[in-house]
Every structure is written in structure tokens, then in C-alpha cells.
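The values are calculated or read from the model by the stated rules, or taken from the named source; none is laboratory data. Since we're looking at a predicted model, the values are computed, not measured. Note: ideal-geometry Cβ built from the backbone for every residue, glycine included; neighbour counts use all protein chains shown. Quick note on the areas: whole protein, heavy atoms, side chains included, nothing else; ligands and nucleic acids left out. Shrake-Rupley method; radii C 1.70, N 1.55, O 1.52, S 1.80 Å.
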Amino acid sequence: MVSPVRAAQAVFSRLGHNQELPGLATTVGGLFLAVVSAAVGLDTVALVLLAVSVLGELLLERPRASAAQLLRQGALGVPMRFALRAIVCLVAGRSHLDDPGAWHALLAVSIALAVALCGRALHEEYRRVGPLKPMTTRNIPGSPRIHEAPPQHLLVVVVAQLLVLAPAPLEAPWWLVLALGAVGTAALFWFTWPDVRASWRMRQAKRATGFTGPLRQIQDFLDDYRPEVVVHLSGPETAAYQINTWLESLEALDRRVFIVVRDQPLFAKIAATSIPVLGLRDAGELLMLDFSSSRIALYPSNTGNNIHLLRLPTLMSAFIGHGDSDKSASNNPFSRAYDELWVAGEAGADRYRRSGLGIHEDQYRFVGRPQVHAITREPRLGDEAVPTVLYAPTWEGVNHEQEYSSVSAVGVRVVEALLAAEPPIRVVFKAHPFTGQRDAKYRAVLARIAALLDDAAAATGIDHRVVKGGSINEWFNRATAMVTDISSVVSDFLASEKPYAVFNHTDLDDATFRTEYPSTSAGTTIGRDGRGIGEFIDVVTRAAPDVLAPDRERLATYLLGPHEHRTLESFKAAIDAMIVRSETERGAYRDGTPTSEMPVTDSAEL
């Protein structure tokens, strides 16, 4: 049984962020109090609260507002709220209505506006669940798009309600009540009808040809731009780092690149780029587009939506991932679906080899790690009077089997030990953006760590800080050493060959843990009981020698490939080689040659 505390937490989490609460309190709270006031005979108070409730709509009904969405799901959307306001106004306003005609006029215009609001809500619901799916673009001429919902015209909705409800209680004559109410209803219709017509036209075009007008603009752009490389990504908005980590490398290519993002919240979080980007949720519309000019498709993550592009035989596919790590996601069985698996160094291939998934050796392409090309080896131990330690833990994972994070287990202990070090150490904390997504207790620990760092910074004057955005590579170059968990952060930081420590999330002894997770073998291991923290601090403060330095250099090559492969030029060469392979092996599909007439290239396999 769910505890009352957990139930309350769930409700408040659905109500949205704190900035949504004023709108919720004003709109719904004002309406509730108006009903109560009218019931006990406080008519004037009820009418004032009604006005407050109507104005509160300006705060509540914002795009993507969780509270407004929850109210609509609970059958308390704008039409129902207006209907309740009209009832209260009719009841409470009787004491102010000497003219029975005004009461009847108020009833008539209230019914008219309620019908108009219901029609508007029906249109919004059609856009939400109907065949017109949202589409957004960047760097595509004309900025073709289909919004997730029609324009809200929120000010018009509020003014229309006030024009209907306010005149009668203010003792206006019946004809003025009727006229102003008609003006409000007509204004709402005037602003809503063009949106309904636009939806109707897009629906008619899609029914006739399969293409809405905006989707046709996308196809025209593809026909003109003729992208050679397509990058496909899907996931929640917090997964934006998975594509952002590749943007610099993709922009450096001498090839035409096109990015397809399948989730609208994720689209909004992609960093600024000059590459054309399409946000398209609907699989059917993606399948309508012609990618015959494209040669290869790159996939930074394994998601079910990948199959929508993998189905195209003209495109050669490569899983490029979003980081090199010893996590189980680095040898996902789904990886067998790709033509090539791009790995940074020999370690990436070894993970697949050990998995027993039956990956063929010719699927591996060793491309190095271009993202680390700007990571430096400075500052070194002893270069700064107060060394900086970056604490960059991973998140709690999608389930307990993938829970590599140190945050809940020893996060506070690690930070407290670093802050207590003598001589002093500066601590920079940068958690994975997914942290707390599955398990709320992680969010509580994040708040505790942030408070520790704030208090320490105020007490000592050392610039301890919490970092929530930006590239982690910037902090690799500012840090002297790092504490982290099993993740791609380990591999990328090793490009600097600086000291690091990794949390042992398992029940294995440290020696077995390093064997099981090779990326940890040149670092200090931190256990659940806190062992290893003091040893690591001694290295950072130079109280103990840095004996693992030679091991880090060898491990960096194993994980990331040789230095010459950790460059943008190496990435360009890998792209060029794959395009040449696609031209050779997939040309028959693009030329329309029947598969039965294609030559057999390996008689032994046949």
C-alpha cells in the first residue's frame, strides 16, 4: 500500500514545478472559494473571487504546464471551469440583478461561450491525439512546423469570459449584457476559426497525398540539400547530451549532415548548431520521407524508434553511442542490428566480445574518441596551491541492475571527506542530468551535497560549486583529479591522464571489480564503506606518490585508441570510409536492382 507521504509527493510532482502553483491556487483555489462563498450567501465575495479565478487563467494555462494538463485529465479544463463560474455568477448575481432580462441574457451568452470553449477544447484534443503530429525544425528554410497544440489565445479566452460574466453583476441592462457577451463569444470564434481551418487543410492534404504542407516542405528541402549523413535520436529531454556530445564533430565534417529527433522535449534541449534538425514524432510521416540521397545513418543511443530508419536498406547504419563506458548498455543485444559498431579503442570491442552476443569482427570500426581532442593534461598535481577535484557521478540507471551511482551510497561521505582535506581541496560537483529521474532519494542527496558545498564556500572562501549545465570537458580541463562512477566519464577523463577514483557499486572485492570493469584499473577504488577516499585524497594533496600514472597512459590508449585517433580528422576519415562502403554495398538498392539479381559476395556464408 502506498504511504500517504508518497501519495502526496506523487500528487505534487504531477502539479508541476513551484512556479505553476500560483496559477493553480489563483484559478482553482479562487473558483473553489467562490463556490463556497456563494453557497453561504456571501455574493459580493463570490463575484470578486470569480474575477480573480478568471485572471488566474493567465498564470495557469501556459504551454506544457503540468498543472493545467492534470486539470484537463480530471475533467476540469477551461470549459468546465467556465461553466462553474457561470453557475456561481447566475446564483450570486441574482442579488444584483433587478432586471430579469439581464439574468436571461447572462444565461444565454454563458451557454454560447461554453459551447465555443468546448469546440476549442475539442480542436485541441484532436490535435493532441489525431493524425496531425507535432513537427519542429531548425536551420531549414521557411522553418516548417506543426505545433503540438493550436495557439492558445489565452488573453482572448480570459477577456471573453470577463465580457460574459462581468456586465450583469455590475447591473448593466439586458441589451448590454447580451451585446458584450456576444462580442466576447465572437472574438473567441474569430481567433479560433483560422486555427481550425489550418488543421482541416493539413488533414485534407495528408489524407490525399500522405504529406501535410509542412512535411512537403521538409521533403523539398531534402531533395535540394541531399544529406549524406543522417543522425537519428530519440529519448527524454534529459537525453540531449547524447547528441550534444557529437555536434562539434558532426559540424566539422565536409559532408552534408541531417539530424532527426523523434521527441519534442528532447528537440528543445539540443544545443545551438548549424546542422539542419528535424523534430518529427510520427513514425508514419518519417517513413514518407525520401532519404535516397543519404548514404549512412548514425545512432547515438539504442531506442525502439531506431527501427523506423533502420528499415531503409539504402542506408548503412552505425551505432556511435554517446560515450565509452563499462556499463551494460555498452554491449546491448540490440547492437547486432547495425552494420557497424563504432568503438573508440580496443576496450569497446572487447566488451562485445565478452558478452557472447555473436558480434562479427567486421562490424567493429575503431574511430577513436573525437570528443576528447581538446582535453588537456593540465593542471597536474602540484601545479595549484588548492587543487580542484571534480565529483561527477552517474545517475541511478533505469533499474537496480544498472545502478552504478555513488550519489545515494557514499555521495555525502565523499564530499565531506574532500571538504575536510588538509591541505584544502576545491570541490566541483557535476551530477548526471538524469539523476533523480527514477529514484526520488537521489534528489534529496543532491540537495544535501549542494548545501554542503555552499556552506563550505561561505566558510572558507574557496570556490566550491555545483555545476548543472555545459560541457563536462571544460571541467576536466580545470580539475586536477576526479571522483566518478562506472560511466563514459571515466574514459573521457582518462584522455587527461590525471588521477581518478571510481565507486565500486558491486559486492566484489576491489581486485575483481577492476578486472570486471577495466576502465577502473588505473584508478583508486572507493567502496560503500568509504574505503579508498583517504588514499585518493593523499594522492591529490601529494601526501602519497602517484604510482598509477604509467597505468593511466596505457589504459587511455586501450579505451580511447591512440592519440592520433582522438581527433576530428580521424572522425572525418571514418565517415568517409563508411560512405565509400555504403556506395559499394548498398548501391544496388539505390539503383533499384532486384535483390534476386544481386551478386552473392560470400559463397561460404551462403
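Annotations for the structure displayed:
- Solvent-accessible surface (1.4 angstrom probe) belonging to Val540, in square angstrom, nearest 10: 10 Å²
- About its Cα centre, the stretch 354-422 has a charge dipole of approximately 220 debye under the convention of +1 per Lys or Arg Cβ and -1 per Asp or Glu Cβ, with nothing else charged.
- The chain, accessible surface, carbon-and-sulfur percent (1.4 angstrom probe): 58 percent
- Look at where the Cα atoms of the stretch 336-367 and of the stretch 567-592 average out, and the two centres are 18 Å apart.
- Computed FRET value (nearest 0.05) for Glu422 with Arg478, which takes r as the C-beta separation and R₀ as 22 Å: 0.50
- In this structure the chain gives 46 Å² per residue of accessible area when probed at 1.4 Å with all protein chains present.
- When shorter helices are ignored and each DSSP H run of at least 4 residues is given -39500 (n - 2.57), the per-residue value for the chain at 222 nm works out to -14500 deg cm²/dmol.
- Ranking of Arg353, Arg528 by solvent-accessible surface, largest first: Arg528, Arg353 (1.4 Å probe, protein heavy atoms only, all chains present).
- Cα gyration tensor, the stretch 387-500 - rounded (a/c under 1.5), prolate or oblate: oblate
- Across the stretch 64-133, the relative contact order, built from alpha-carbon pairs under 8 Å that are at least six residues apart, equals 33 percent.
- If R0 is 51 Å, the Cβ-Cβ spacing of Glu171 and Asp529 corresponds to a FRET efficiency of close to 0.10.
- Net charge contributed by nearby residues that have their C-beta within less than 15 Å of Pro424 (K/R +1, D/E -1): -3
- Rounded if a/c under 1.5, otherwise prolate or oblate - the chain, Cα gyration tensor axes: oblate
- The protection proxy used here, the mean number of other Cβ atoms lying within 10 Å of each residue, ranks peptides 541-547, 52-58 as follows, highest first: 52-58, 541-547.
- Dipole-positive endmost among Ala344, Ala318, Ile359 within the chain (Cβ charges, Cα centre): Ala318
- For the stretch 109-170, the Cβ-based charge dipole about the Cα centre amounts to some 260 debye (Lys, Arg positive; Asp, Glu negative; other atoms uncharged).
- Taking Cα centre as origin and charging only the Cβ of basic (Lys, Arg, +1) and acidic (Asp, Glu, -1) residues, the dipole magnitude of the stretch 41-109 rounds to 400 debye.
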